[in-house]
Amino acid sequence: MPEYRTTATGPSAGFSSGPSGFASGREPAPRKRTVLLLQGLMGPLFRRLGQGLIAAGHQVHKVNFNGGDRAFWRLPNGIDYRGTLADWPDAFAALVDEIGATDVVLFGDCRDHHMPAIRICRDLGVPVHVFEEGYIRPDWVTLELGGVNGHSSLPRDPAWYRATAAALPPVPPHAQVPSSFRRRALEGLGYNVADVLSRWYYPGWSNHRPWHPVVEGMGWFRKLRRRKEREGSAAVLMARLTASRAPYFLFPLQLDSDAQIRLHSPFAGIADALRLVIGSFAAHAPAGTRLVVKEHPLDNGVRDWRQVTADMAALFGVEDRVDYLAWGDIVAVTRGAQGVVTINSTSGTFALAEGLPVVVLGHAVYDIADITYQNGIDAFWNDPVPPSPETFAAFRRVLIERCLIPGGFFSEEALEKVVRHAVARLEGHPIAPE
């Protein structure tokens, strides 16, 4: 493969060209944009987005940090970054200048390579468009300017949302999109295999996730091997909760490696959050209530959260009142709850849409007076106040206008919709009816 190299102080230090070479020096057509893509989701999202932008007449470049990125790109202007994380800021700033980037697009604003890139773009006045899983699910994904969640520029004033929403037209209707867990797992597997096999070629690559892909793969293997057992125990628990009519609160777990935990919450990890929630439940919840801890569907199984939950419950003397749900649809278990405790999960917005009380322990874009409980978790168990329907509806309308686009990531139909609306959003067009 031919390589494009310069000295360490040159404009493209640390980069080499992808299969179609390194393009530079071309002026974008009038009103057209030069878009630089950084890391995307594990899978074809950024390849499809690149195709959509190119078809719309824009110029597109993509930085590949590892073999997984490269395997899913396979378009012109792929740029392999082989340098170190320490060298990345200077190399990125030089690349933005060299190609004349008008926009940068990335998935997740807390990844090691993305955080300095966002700071540099802010200094240069280059807009950064951040993809994430949707604030509101299903059928919406986040595409927000500048940053998401704890880095969002959205205000926390309920009156502002009510006033702003009142001036907006109704949300155009859109159809649901299918999503395949099997497809997500296979794309993740393919990405990680390509990453592992190409580590020699990307000596400076450092993963933002705390586990080696092989360790994660072993965890997934163990988890999926026990799928029937886990499904069976979840069905028994749900049937028992339904038959007993026992009031319960729900605590949906998030991923231990998620930046929403590491950077946007007071917790070092999920174990710390479990200790606080179960300890508060034991000390303050009414004696007749239960706590259901729901495993995240994308947890890799490296750590046994069922055992951690059981240990915490025993520590606080409530082992007979704490249940662990290892499998199943979040919708059914949420709808039966008295209230939901969350760190900053998007499952909180689903509960709010159902009119359920929600208390937030971290930094969430929806943690707003009149929407979430504001008096702390200890008081929440005995005073779970539901959201104001008017304020939440206004918040949702503004969120869609500013931060969301229709679609999903894990089916052809979902990807087609996301790409179409993402291109329109980058071009400054509003959401169009389906």
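Every number here is computed from the coordinates shown, using simple stated rules; none is lab data. What you see is a predicted model, and the numbers here were worked out from it, not measured in a lab. Please note: Cβ atoms are built from the backbone with ideal geometry, for glycine as well, and neighbour counts cover all protein chains shown.
All C-alpha to C-alpha distances of the range 351-421, sorted into 5 Å bins beginning at zero, yield P(r) values of 3, 16, 20, 18, 14, 12, 10, 5, 3, 0 percent in whole numbers. For the chain, find the longest principal axis of its Cα atoms and tell me its angle to the long axis of helix 389-403, 0 to 90°, nearest 10. That works out to roughly 20 degrees. Bridgeable lysines around LYS294 (alpha carbons under 26 Å apart, same-chain partners fewer than 8 residues away excluded): LYS223, LYS228. Here the range 48-199 has an Rg and Dmax of 18.0, 54 Å, counting Cα atoms alone. For the chain, the longest principal axis of the alpha carbon atoms and the long axis of helix 181-197 meet at an angle near 50°.
The calculated P(r) of the range 160-202, using every Cα pair and 5 Å bins from 0, goes 5, 15, 11, 9, 9, 9, 8, 10, 11, 9, 5, 0 in percent.
The Rg/Rh ratio of the range 84-160, with both radii computed over alpha carbons and Rh defined as the Kirkwood radius, is 1.04. In this calculation the C-beta distance from SER153 to ASP320 is compared with R0 = 41 Å, giving a FRET efficiency of 0.35. Here r is the Cβ-Cβ distance between ARG182 and GLU354 and R0 is 25 Å; the resulting FRET efficiency, rounded to 0.05, is 0.35.
The alpha carbon convex hull volume per residue for the range 228-395 rounds to 107 Å³. Build a GNM of the chain with springs between Cα atoms under 10 Å apart, and of ASP383, ASP69, ASP256 the one that fluctuates most is ASP383. Per the Kirkwood formula applied to alpha carbons, the chain shows a radius of gyration over Rh ratio, Rg over Rh, of 0.98. To the nearest 0.05, how large is the calculated FRET efficiency for GLU412 and ALA287 if R₀ is 60 Å and r is the Cβ-Cβ distance? Plugging the Cβ-Cβ distance into 1/(1 + (r/R0)^6) gives 0.70.
One equal scatterer on each Cα of the range 129-220, no solvent, Debye formula: the resulting log10 I(q)/I(0) at q = 0.10, 0.18, 0.19 Å⁻¹ is -0.49, -1.07, -1.13. Over the chain, Cα pairs under 8 Å with separation of 6+ residues give a relative contact order of 18 percent. Extension gain for ALA239-ASP304 works out to 21.1 nm (0.36 nm per residue, less the C-alpha to C-alpha distance). The order of the peptides 244-250, 288-294 by mean Cβ neighbours within 10 Å, most packed first, is 288-294, 244-250.
For the charge dipole of the range 30-140, defined by +1 on Lys and Arg C-beta atoms and -1 on Asp and Glu C-beta atoms about the Cα centroid, which residue among PRO89, PHE46, THR102 has the Cα displaced farthest towards the positive pole? Positive-most Cα among the choices belongs to PHE46.
The relative contact order of the range 228-395, computed from alpha carbon pairs under 8 Å that lie at least 6 residues apart in sequence, is 25 percent. For the range 117-183, what log10 I(q)/I(0) values come out of the Debye formula at q = 0.25, 0.29 1/Å, with one point per alpha carbon and no solvent? Each listed q corresponds, in turn, to -1.16, -1.23. The largest-to-smallest principal axis extents of the Cα set in the range 289-382 are 36, 28, 24 Å.
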